[in-house]
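Okay, so here's the structure we're looking at.
Just so it is clear, none of the values below were taken in a lab; they were calculated from the coordinates. From a predicted model like this one, the values you see are computed outputs, not experimental measurements. Heads up, the Cβs are rebuilt from the backbone with ideal geometry, glycines too, and the neighbour counts pull from every protein chain shown.
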Amino acid sequence: MSKERKQSTTRETLREQIMGKSAETEFDTSKREVHVMTRLSERIVEAIDALVTLNVFNSRSEAVAAYVENAIISDVELYESLIKKAKEVSEMRDSAMDSILETLQKSK
């Protein structure tokens, strides 16, 4: 086995051990198309940088995305429920705003 292939295999094994093997879910983690900025403590960034230095992940962004995805996938039923409830709240808020606007327009 070539040195490059062995490093790639070791990298994948390390990543799987760190992240665990996630079950198939309705969350599509194959595409990362939305950018999210965040602030983290220096100690957390130090740990992320160690993972990048060891070539477990290609970048800080990839490492953080993998950990967030894993956290959500590990309790997928909870997050699916939260998403559903958030949509319901949003629809109720929109309906309330429409009712208020309609009432205000009628009173003019």
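If you take the alpha carbon radius of gyration of the stretch 26-71 and divide it by 2.2 N^0.38 Å, what ratio comes out, to two decimals? Working shown, then result.
Working: Rg = 11.2 Å, N = 46, 2.2 N^0.38 = 9.4 Å.
Ratio of Cα Rg to 2.2 N^0.38 Å: 1.18.
Let me test this: with uniform point scatterers at the alpha carbons of the stretch 46-108, what is the Debye-based log₁₀ I(q)/I(0) at q = 0.19, 0.25, 0.30 1/Å?
-0.78, -0.94, -1.08
Considering the dipole of the stretch 37-86 built from charges on the beta carbon (Lys and Arg +1, Asp and Glu -1) around the Cα centre, which of Tyr79, Ala50, Ala63 is farthest to its positive end?
Checked the options; the winner is Tyr79.
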